[in-house]
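Enquirer: Here's a structure for you.
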Amino acid sequence: MTFSPDIAASAPVLRSLTGLRWAAAFVVFGFHIIAVQYFGSGRDVLSALFGAGGTGVSMFFILSGFVLTWTYRPGTNPFLFWRRRFARIWPTHVVAVGVALVAAATLIPVIRSPEPASVVANIFLVSSWRSSWWQAGNPVSWSLVCEAFFYLLFPLLIRMLTRVPARWLWVVGAEMILCVWLAPLVAPSIPGDVSAYSTPVMRLPEFVVGIVVALLVRQQKWRGPRLAVALPIALISYTVASASDDSPWAATGYTVIGYALLIAALARADIEGVPTPLSSALLVRLGTLSFSFYLIHLLVIASISSPWPDGHPQIDPLDATGLALVAFAVALGAAWVLHRFVERPAHRLLAGGGGERPGGGMGAGSASASASASRQARGASASA
């Protein structure tokens, strides 16, 4: 199928979506500050801001589907696509796993993997298919296992969905949103590892939502609200999710529609040349660091908190804020090093001809979110 007229050709780089990657990464960072219990008091305020940070993983899955579809060109060789995806994520992921293993052997013993095979599985991005291994290696990289599965299916999904008329794409999107709502409810009745929150097949509907929205925008059939309406909807849904007592997985049901509307509205603004708060040079630059930031931030948070009993500082709000700022600065600096000396050169070396357009990366590398308090010290994420 060809897109005629193809607005993606005239607006290949969507700066606001790159900025959105950073915003999502930042709320995930805040969520993990709560999870590792930096704050002994004042957590109500922090929870109001970052309590739904676990839904950032859903944002990244939707973004990934949208951006891959936006940069897709009919006739693209699947092997070239997979090669570029491999070059984008795997080298940096492997380096981050190495850092995690050193941290596990020294500062953060609680994240030690249950067995060597689980680390190997994590390195090759298949660990999350076994629920007991979902946080093996680098605890946050379970969401990359989901992304690897999405990438494997993308050439097939895009060929199928580009043949679907626009009016039926709306139906597909609605069905995927329904799957997002139902997944946490039906999971307990599904036997085996496939029911786990971190299992790629359970997170696939969020990725497909991104594909569907991108196709509708590319075909100029999108009828969603513009940014002035979409942004408040997304913020309200995030606030409701933060106030709920539901797990991060269940909380995605509150935010999936708002996030999809926000992504489409930001894309339309960029297409029309309308500046947005997320298209600034600073946020775009930070957005390019978001994947490396995601991979390293939880290790930094847990390492800095390791001198306290059980790795949970639980200190007064002023001191905890200072400690969190130190963790943020260190994580951002480490992300710059990873991006500058691993992510970029590895992609140039391995991606093959043509590379990728800026902003065409994998969401934010998908962020992670934490579902179980018992694993919070590990940089655990109960979530991208």
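Enquirer: For the chain, build the charge dipole from Cβ charges (+1 Lys, Arg; -1 Asp, Glu) around the Cα centre, then report which of Leu63, Gly75, Ser41 sits farthest towards its positive end.
Expert: Projecting each Cα onto the dipole axis, the largest value belongs to Gly75.
Enquirer: A follow-up question, please. Multiply the residue separation of Arg340 and Met160 by 0.36 nm, subtract the distance between their alpha-carbon atoms, and state the gained length in nm to one decimal.
Expert: 61.1 nm
Enquirer: Next question. Could you list which residues have their amide H under 5 Å from that of Gln220, counting only those 5 or more apart in sequence or on another chain, with H placed in the peptide plane?
Expert: Answer set, sorted by chain and number: none.
Enquirer: So if I place +1 on the C-beta of Lys and Arg and -1 on the C-beta of Asp and Glu, and nothing else carries charge, what would the dipole magnitude of segment 20-127 be about its Cα centre? I want it in debye, nearest 20.
Expert: Charge dipole of segment 20-127: 460 debye, to the nearest 20.
Enquirer: What whole-number volume per residue, in cubic angstrom, does the convex hull of the C-alpha atoms of the chain give?
Expert: 126 Å³
Enquirer: Is there a quick way to get the dipole size of segment 112-245? I mean about its Cα centre, with the Cβ of Lys and Arg at +1 and of Asp and Glu at -1; what is the value in debye to the nearest 20?
Expert: Working: 10 positive and 6 negative charges, 134 e Å.
The dipole of segment 112-245 has a size of about 640 debye.
Enquirer: So, in nm, how far is label Asp310 from label Arg226 when the simple model puts each one 7 Å beyond its Cα toward the Cβ?
Expert: Spacing of the two 7 Å Cα→Cβ label points: 5.2 nm.
Enquirer: Which of the listed residues, Gly273, Thr199, Val229, is farthest toward the dipole's positive end in segment 186-317, when Lys, Arg count +1 and Asp, Glu count -1 at the beta-carbon?
Expert: Working it through, the farthest residue towards the positive pole turns out to be Gly273.
Enquirer: Further question: Compute the FRET efficiency between Leu152 and Ser131 as 1/(1 + (r/R0)^6), taking r as their Cβ-Cβ distance and R0 = 22 Å, and round to the nearest 0.05.
Expert: The calculated FRET efficiency here is 0.65.
Enquirer: Then there's this: Whose amide H sits under 5 Å from the amide H of Phe39, counting only residues 5 or more places off or on another chain, with H placed in the peptide plane?
Expert: So Phe39 has HN proximity to Gln314, Ile315.
Enquirer: For the peptides 248-258, 26-36, what is the packing order when you average, over each peptide's residues, the other Cβ atoms within 10 Å and list the highest mean first?
Expert: Top to bottom by mean Cβ count within 10 Å: 26-36, 248-258.
Enquirer: Another question, then. Each residue of segment 131-147 in turn: what ³J(HN,Hα) in whole Hz from Karplus with 6.51, -1.76, 1.60 and θ = phi - 60°, glycine and Pro shown as x?
Expert: Using θ = phi - 60°, the values come out as 4, 6, 9, 5, 10, 5, x, 7, x, 7, 7, 4, 5, 5, 4, 4, 4 Hz.
Enquirer: Determine, from the Cβ-Cβ distance of Asn77 and Asp245 and an R0 of 41 Å, the FRET efficiency 1/(1 + (r/R0)^6), rounded to the nearest 0.05.
Expert: FRET efficiency, Asn77 to Asp245: 0.30.
Enquirer: Arranged from highest to lowest average of other beta-carbon atoms within 10 Å per residue, in what order do the peptides 63-69, 300-306, 155-161 appear?
Expert: Highest mean packing first, the order is 63-69, 300-306, 155-161.
Enquirer: Relative contact order of segment 1-137: what whole-number percent is it, with Cα pairs under 8 angstrom and at least 6 residues apart?
Expert: It comes to 17 percent, rounded to a whole number.
Enquirer: Please work out how much length the chain gains when fully extended from Ser280 to Ala117, using 0.36 nm per residue of separation minus the C-alpha to C-alpha distance, in nm with one decimal.
Expert: 54.3 nm
Enquirer: So what is the 222 nm mean residue ellipticity for the chain from helices alone, if each DSSP H run of at least 4 adds -39500 (n - 2.57) and you divide by all residues, rounding to the nearest 500 deg cm²/dmol? The partial results should precede the final answer.
Expert: Working: 15 runs with 238 residues, N = 384.
Value at 222 nm, helices only: -20500 deg cm²/dmol.
Enquirer: Highest first, please rank the peptides 143-149, 217-223, 183-189 by the mean number of other Cβ atoms sitting within 10 Å of their residues.
Expert: Ranking the peptides 143-149, 217-223, 183-189 by packing returns 143-149, 217-223, 183-189.
Enquirer: Do you know the relative contact order of segment 7-378, to the nearest whole percent, from alpha carbon pairs under 8 angstrom that are 6+ apart?
Expert: This gives 38 percent for segment 7-378.
Enquirer: Taking the Cα centre of the chain as the origin and placing charges on Cβ (Lys, Arg +1; Asp, Glu -1), which of Gln135, Gly322, Gly311 is farthest toward the positive end of the dipole?
Expert: About the Cα centre, the residue reaching furthest to the positive side is Gln135.
Enquirer: With +1 on the Cβ of every Lys and Arg and -1 on the Cβ of every Asp and Glu, and nothing else charged, how large is the dipole of segment 7-378 about its Cα centre, in debye rounded to the nearest 20?
Expert: Magnitude of the dipole: close to 1420 debye.
All of the numbers you see were taken from the coordinates with simple rules; none came from a lab. Keep in mind that this is a model prediction, so the values were computed, not measured. FYI the Cβ positions are ideal-geometry reconstructions off the backbone, even for glycines, and counts take in every protein chain you see.
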